[in-house]
Amino acid sequence: MRLRSPAGPPSTGRRSHGLRNPAQVIVLAFAAATAVGTALLLLPAATPGPGHASLMEALFTATSAVCVTGHLVVNTATYWSVFGQVVILALIQVGGFGVMTLASLLGLLVSRRLGLRSRITAAAETRSIGIGDVRRVIVGVVLASLLLEALAAAALTTRFYFGYQEPAGQALWHGVFHAVSAFNNAGFSLFEDNLVDFAADPWICLPIAFAVIAGGLGFPVLLQLRREITRPRLWTLNTRLVLATTAALLVSSTAFITAMEWNNDDTLGKLSPGGRLLAGFFQAVITRTAGFNSVDIGALDSATWLGMDVLMFIGGGPAGTAGGLKVTTFAVLYFIIYSELRGDGAVNALGKRLPRSTHRQAATVALLAVAVVVTSTVALLIMTEFSLDRILFEVISAFATVGLSTGITPDLPVAGQLILVLLMFLGRVGPVTLASALALRHTTRLYELPKEQPIIG
């Protein structure tokens, strides 16, 4: 006998789980992309010599590519074949678009219509304001990405062909690979010493730097600038925070790195004054989001490492290809501190009042990130004999999906490399997204507890 609920349809005896959490889908999609990439890089065709890559080498490289990090345990230029490099490039592009954004685009092209689940999932991936805007956002993301990558690829290909007399096919391949890697903030390079040989070449460094900056601003900022670049009064608070904070960090970080390394003969000191300024600017851009390097990172002063730790931890703009804490989170925390020191009753930023939920989100993301970095650093200190400054640099670089390295990553034990793999994955999907994906149920409290204030400080 089937019982009928007085307030609803007949019971089927099965529990309804409702719509799957979009965060869960995103995490699973990135995991699936990493697994597919690992399998492809394990194929004998992925390496030029006999045999194939080890499981750790394939897993680490695939995770680094999908998570657009650039952390390496083997040299991309020499270890992988052309097939392997094509796989890496495809993984970088998929990771940059966002697996769910790309999947929604394919669904849009095939069916010309997005279902509700696809719209919600894509909204979570692109940080779209409303479900109705997802179609426009997805198309805008793809068009903006391809256009900026094409511009960077054209500039780089021209320089490789005319400036370095590379064959046309090789110049095009190098140009496309580095353009895609730059815009997606991945930092993979097809040269053995990354971009060290081009440290003083503005025709190589500047297109890559500008592509990195564009990708690191975040897709919401790029889409708004495309529509309203001449009407700054219409810019959202997110756009203004990202642009203002990015500009301030670029100026300050360029001055810091250039000044710290000016007389270091192992880094900037061997270049001309103009080359030092270019290399200092380039490394300042790269440090906050991508893994290219035009100087030997392992030869930097330890004080420079510490400053770069801070820059990597801050990262780039939200809902883009950059990693880290995100400049908006950093800006919100700054305004919280500023308002508290002034004794203001509310937190205001650039003429707008920030809701209390934003305060909590910023504090949560920051504290979770600190906890992950500290825990991972302690674990690597226990299992290795490397110094604290080098290990902290590797951990923050992996978690912030930057990819810069002092050179110790290939020498870490397998367990240490697995920690970096998890950090890259967590840094890409985001601490809050991962926590949401793991949550089995959400409850709404229908009452409030009485207030009582503890002593702070």
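The values are calculated or read from the model by the stated rules, or taken from the named source; none is laboratory data. All figures in this text were calculated on a predicted structure; none of them were measured in a lab. So basically every Cβ, Gly included, is an ideal-geometry build from the backbone, and we count neighbours across all protein chains shown. Quick note on the areas: whole protein, heavy atoms, side chains included, nothing else; ligands and nucleic acids left out. Shrake-Rupley method; radii C 1.70, N 1.55, O 1.52, S 1.80 Å.
Go through region 345-401 and give me each residue that's among the basic types (Lys, Arg) and within 23 Å of ASN238 (Cβ to Cβ).
Of everything in region 345-401, those that are among the basic types (Lys, Arg) and within 23 Å of ASN238 (Cβ to Cβ) turn out to be LYS352, ARG353, ARG356, ARG360.
Criterion first (surrounded by fewer than 21 Cβ atoms within 10 Å (Cβ to Cβ) and closer than 29 Å to VAL374 by Cα) does ALA284 satisfy it?
no
So LEU278 clears everything in (1) at pLDDT 95 or above; (2) open to solvent by less than 20 Å² (accessible area, probe 1.4 Å); (3) farther than 30 Å from PHE386 by Cα except one condition, right? Which one?
Checking LEU278 against (1) at pLDDT 95 or above; (2) open to solvent by less than 20 Å² (accessible area, probe 1.4 Å); (3) farther than 30 Å from PHE386 by Cα, the one that fails is (2).
Quick check on region 327-362: of everything there that is open to solvent by 40 Å² or more (accessible area, probe 1.4 Å) and of a type in the set (Gly, Ala, Ser), which residue is modelled with the lowest pLDDT?
By that ranking, first place goes to SER357.
If you scan region 191-211, which residues turn out to be within 24 Å of MET424 (Cα to Cα), open to solvent by less than 20 Å² (accessible area, probe 1.4 Å) and touching a helix residue (DSSP H, G or I) at 6+ places or on another chain (Cβ under 6 Å)?
Within region 191-211, ILE208, ALA209, ALA211 qualify.
Residues of region 260-280 being without any contact (Cβ under 8 Å) to a residue 60 or more places away in the chain and under 29 Å from the mean Cα position of the chain (by Cα), which ones?
Once the filter is applied, which keeps residues that are without any contact (Cβ under 8 Å) to a residue 60 or more places away in the chain and under 29 Å from the mean Cα position of the chain (by Cα), region 260-280 yields MET260, GLU261, TRP262, ASP266, THR267, LEU268, ARG276, LEU277, GLY280.
If LEU28 meets every condition in (1) in a helix (DSSP H, G or I); (2) at pLDDT below 75 apart from one, which number is that one?
(2)
Which residue, of ALA35, ALA58, is part of a helix (DSSP H, G or I) and open to solvent by 20 Å² or more (accessible area, probe 1.4 Å)?
Going through ALA35, ALA58 in turn, just one is part of a helix (DSSP H, G or I) and open to solvent by 20 Å² or more (accessible area, probe 1.4 Å): ALA35.
Residues of region 281-298 being in a helix (DSSP H, G or I) and either free of Cβ contacts under 8 Å to residues at least 12 places away in the same chain or hydroxyl-bearing (Ser, Thr, Tyr) (or both), which ones?
Selection gives THR287 alone.
Every residue in region 224-240 that is over 18 Å from the mean Cα position of the chain (by Cα) and touching a residue at least 40 places away in the same chain (Cβ under 8 Å), please.
If the condition is that a residue be over 18 Å from the mean Cα position of the chain (by Cα) and touching a residue at least 40 places away in the same chain (Cβ under 8 Å), then ARG226, LEU237, ARG240 are the ones that fit.
Among the residues in region 142-164, are any crowded, with 21+ Cβ neighbours inside 10 Å and touching a Pro at 6+ places or on another chain (Cβ under 6 Å)?
The answer is yes, given that some residue of region 142-164 is crowded, with 21+ Cβ neighbours inside 10 Å and touching a Pro at 6+ places or on another chain (Cβ under 6 Å).
In the set THR377, THR409, THR401, which member is buried (at least 16 other Cβ atoms within 10 Å of the Cβ), without any contact (Cβ under 8 Å) to a residue 60 or more places away in the chain and of a type in the set (Val, Ile, Thr)?
THR377
Determine whether region 420-434 contains at least one residue that is modelled with pLDDT under 80, surrounded by fewer than 21 Cβ atoms within 10 Å (Cβ to Cβ) and of a type in the set (S, T, N, Q).
yes
Going by what's in this entry, would LEU40 be described as buried (at least 16 other Cβ atoms within 10 Å of the Cβ) and at pLDDT below 60?
no
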